[in-house]
């Protein structure tokens with residue numbers, strides 16, 4: 001068996017003959033120099049094409065944001081740095097988890113018109129974000145026991161309010 005040429009990799013080479021894989025395992029195929037790759041980057045206009053006025057006759061950028069990151073930065077600058085459901089300090093969260101501190105109340109795939117609406121964003125500790133998106137009721141109850149000030153109903157009440165204001169013809 002031949003071993004991958006990538007540094008610190010001990011996997012077997014991809015393929016069965018001498019030319020297949022060119023000395024790299026399945027994981028390190030991107031290191032091959034014999035393959036010419038062209039990556040076409042999409043413009044912001046192309047990425048947001050599905051959210052254009054033509055499709056919805058509704059200006060999804062009416063809140064003044066062209067990207068989620070710019071909206072998150074604006075929220076960080078203009079809102080207190082505390083979780084909206086538990087009051088925990090967000091400045092103590094690892095900066096690598098910055099984007100995880102912002103939760104869409106109405107899911108952006110199901111409700112694309114509110115994707116860039118800052119009212120549709122709630123600041124949370126990353127574990128709270130996970131508990132809301134993928135957690136179970138039991139998991140949320142356990143979290144409430146650990147942090148007694150936590151109130152998940154704030155999130156669900158805000159969701160009901162936003163659903164009332166979402167244009168009905170797009171649901």
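The values are calculated or read from the model by the stated rules, or taken from the named source; none is laboratory data. Since the structure is predicted, the reported quantities are computational estimates derived from the model, not experimental observations. Note that we place each Cβ from the backbone using ideal geometry, even for glycine, and neighbour counts take in every protein chain shown.
Annotations for the structure displayed:
- Among the residues of region 125-149, the ones that are within 19 Å of residue 68 (Cα to Cα) and either in contact with a helix residue (DSSP H, G or I) (Cβ under 9 Å, 6 or more places away or on another chain) or free of Cβ contacts under 8 Å to residues at least 12 places away in the same chain (or both) come to 4 in all.
- Filter result (touching a residue at least 40 places away in the same chain (Cβ under 8 Å), within 14 Å of the chain's Cα centre (by Cα) and assigned to a loop (DSSP other than H, G, I, E, B)) within region 109-124: 115, 116, 124
- Within the span defined as region 81-95, one or more residues are in a helix (DSSP H, G or I), out of contact with any strand residue (DSSP E or B) (no Cβ under 9 Å at 6 or more places or on another chain) and surrounded by fewer than 20 Cβ atoms within 10 Å (Cβ to Cβ).
- Test: residue 98 is under 22 Å from residue 153 (Cβ atoms), in contact (Cβ under 8 Å) with a residue 12 or more places away in the chain and touching a helix residue (DSSP H, G or I) at 6+ places or on another chain (Cβ under 9 Å): no
- Some residue of region 60-69 being surrounded by fewer than 10 Cβ atoms within 10 Å (Cβ to Cβ), in a helix (DSSP H, G or I) and either assigned by TED's automatic domain parsing to the domain that holds residue 105 or at pLDDT 65 or above (or both): no
- Residue in region 20-42 that is closer than 30 Å to residue 122 by Cβ, modelled with pLDDT under 80 and outside the structural domain of residue 123 (by TED's automatic domain parsing) present: yes
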